[in-house]
Amino acid sequence: MTLVEALVCGRCGRRYAPGDMEYTCPEHDGVTGILDVRYDYERLRDQIDAVLDGPTDDLWSYEPLLPVDGEGVRLGAGGTDLLDALALGDALGVDALVKNETTNPTGSNKDRGSAVVVSRARQQDHEVVACASTGNAAASLAGYAARADLECRIFVPADLPEAKAVQPRLYGATVIGVDGSYADAYELCREVSADRGWYNRNAAMNPYAVEGKRTLGFELAEQAPAADWVVMPMGNGCSLAGTWKGLREFERLGVLESTPRMLGVQAEGATAIYDQFVTESETVPDGGTGRDTPRSNDEETTADSIDVGAPHNAGKACRALRESGGDAVVVSDEAIREGQRLLGGCEGVFAEPASAAAVAGVRTARERGVVEHGDRVVVVATGTGLKDTASAQQAVEDVVTVDAAGDGLPEEL
Ligand SMILES: [Zn+2]
């Protein structure tokens with residue numbers, strides 16, 4: 001038995017028994033009532049010491065806190081390193097740490113969500129899992145589905161970087177390229193999954209998709225209890241919201257004395273969560289999350305993982321930013337490329353542009369006086385850059401070309 005107590009609608013507050021509802025609250029027409037998973041925290045408190053005593057090999061080290069009965073699907077998600085980032089910190093004027101999520105088994109933090117969702121799908125005898133994705137969730141769901149011997153269907157926008165379209169197919173998934181945006185892929189995935197009875201991973205539908213991401217918060221609470229800030233890119237908003245939920249829970253369970261502030265970073269081409277956060281901060285001091293999914297104008301950004309025009313979890317992300325006393329910033333593609341060079345050159349972490357946006361976000365927040373000199377700042381490098389070398393190409397110097405005898409090698413090298 002899991003310690004899930006109820007599913008609570010973020011829009012109307014209705015509570016459902018865990019077995020009664022698979023996806024969203026049915027009380028809302030045309031908008032999404034995303035359900036939040038609530039646990040029996042009294043009983044979790046009884047188990048937390050035993051959880052913390054053991055090593056954190058992977059996210060299943062936190063099994064009593066996860067909504068999975070019995071053996072979860074194992075591929076190695078979680079238990080990632082927190083790196084002291086002295087050179088990066090010098091460049092940014094902060095005490096920097098890098099949470100290196102690029103080493104997750106399929107290359108991103110999405111593996112934390114997929115581990116839990118695929119484990120639940122297997123336990124409930126689903127045969128097919130599906131999701132819409134800008135790439136990382138696709139690879140992650142496909143990899144975990146392969147391990148669990150489930151079939152996998154992926155809906156992607158047709159302009160996906162090549163490696164991101166290849167990786168899920170290598171894991172045996174069927175990839176459906178949708179001639180449209182991520183929002184179009186999401187909607188088609190929702191319709192087709194409902195028609196055909198596929199288990200839908202999408203975090204704005206599936207209340208359990210965000211639950212694995214809490215383990216990033218758990219790990220940060222253990223690894224960096226004195227952090228002032230946790231900085232994350234925001235696409236759909238659910239990674240940041242899930243991480244914050246984990247941090248809050250560890251505070252509630254007495255593991256963490258005080259929680260860090262969350263800094264959410266978006267790219268100039270996709271600013272919907274930032275826009276909502278700023279608008280709500282101006283008009284509703286104590287915040288509301290009842291707005292429909294916000295939309296940003298349809299620009300482009302090199303950070304494809306966070307190029308989400310209509311983020312379904314914007315409300316959750318804004319609430320996390322507000323509850324934590326945090327803030328949001330927007331960064332340019334040029335600043336993202338600089339962030340990629342800094343993460344690689346200072347710390348040896350080859351991160352994708354979305355992750356580099358977090359580095360750029362620290363610089364912007366320093367300039368705005370939001371993050372102060374010397375603050376202890378965790379930058380979450382959410383995914384590897386190896387899946388999108390075409391973007392990285394724009395951030396690096398040209399190859400030095402010489403002949404076989406070495407002629408042409410610059411003297412200054
Ligand atoms: Zn509701």
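The values are calculated or read from the model by the stated rules, or taken from the named source; none is laboratory data. It should be emphasised that the depicted structure is a prediction, and the values quoted were computed from it without experimental measurement. Positions of Cβ are generated from backbone atoms using ideal geometry, with glycine treated the same way; all protein chains shown enter the neighbour counts.
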Checking GLU268 against (1) modelled with pLDDT under 95; (2) closer than 11 Å to MET234 by Cβ, which single condition isn't satisfied?
(2)
Any idea which of VAL156, VAL175, VAL230 is touching a helix residue (DSSP H, G or I) at 6+ places or on another chain (Cβ under 9 Å) and either part of a helix (DSSP H, G or I) or more than 30 Å from VAL331 (Cα to Cα) (or both)?
VAL175
Criterion first (in contact with a Cys (Cβ under 9 Å, 6 or more places away or on another chain), β-branched (Val, Ile, Thr) and at pLDDT 90 or above) does VAL178 satisfy it?
yes
Scanning the range 373-413 for residues that are within 25 Å of the chain's Cα centre (by Cα), over 26 Å from GLY113 (Cα atoms) and of a type outside the set (Gly, Ala, Ser), the one surrounded by the fewest Cβ atoms within 10 Å (Cβ to Cβ) turns out to be GLN393
Please enumerate the residues belonging to the range 307-339 that are modelled with pLDDT under 80 and of a type in the set (A, V, I, L, M, F, W, C).
VAL308, ALA310
Keeping to the range 93-138, report how many residues are in contact with a Phe, Trp or Tyr (Cβ under 7 Å, 6 or more places away or on another chain), under 16 Å from VAL175 (Cβ atoms) and part of a helix (DSSP H, G or I).
1
In the range 206-221, is there at least one residue being under 19 Å from GLY309 (Cα atoms) and touching a Cys at 6+ places or on another chain (Cβ under 9 Å)?
no
Check whether at least one residue in the range 182-203 is buried (at least 24 other Cβ atoms within 10 Å of the Cβ), touching a Leu at 6+ places or on another chain (Cβ under 8 Å), part of a helix (DSSP H, G or I) and not basic (Lys, Arg), and report yes or no.
no
Only one of these conditions is not met by SER258: (1) touching a residue at least 12 places away in the same chain (Cβ under 8 Å); (2) under 24 Å from ASP49 (Cα atoms). Which number is it?
(1)
Name the pairs whose Cβ atoms lie under 7 Å apart, with the first residue in the range 21-37 and closer than 16 Å to PRO294 by Cβ, the second within 11 Å of the ligand (Cβ to nearest atom), and 6 or more positions between them or separate chains?
THR32/THR24; ILE34/GLY10; ILE34/THR24
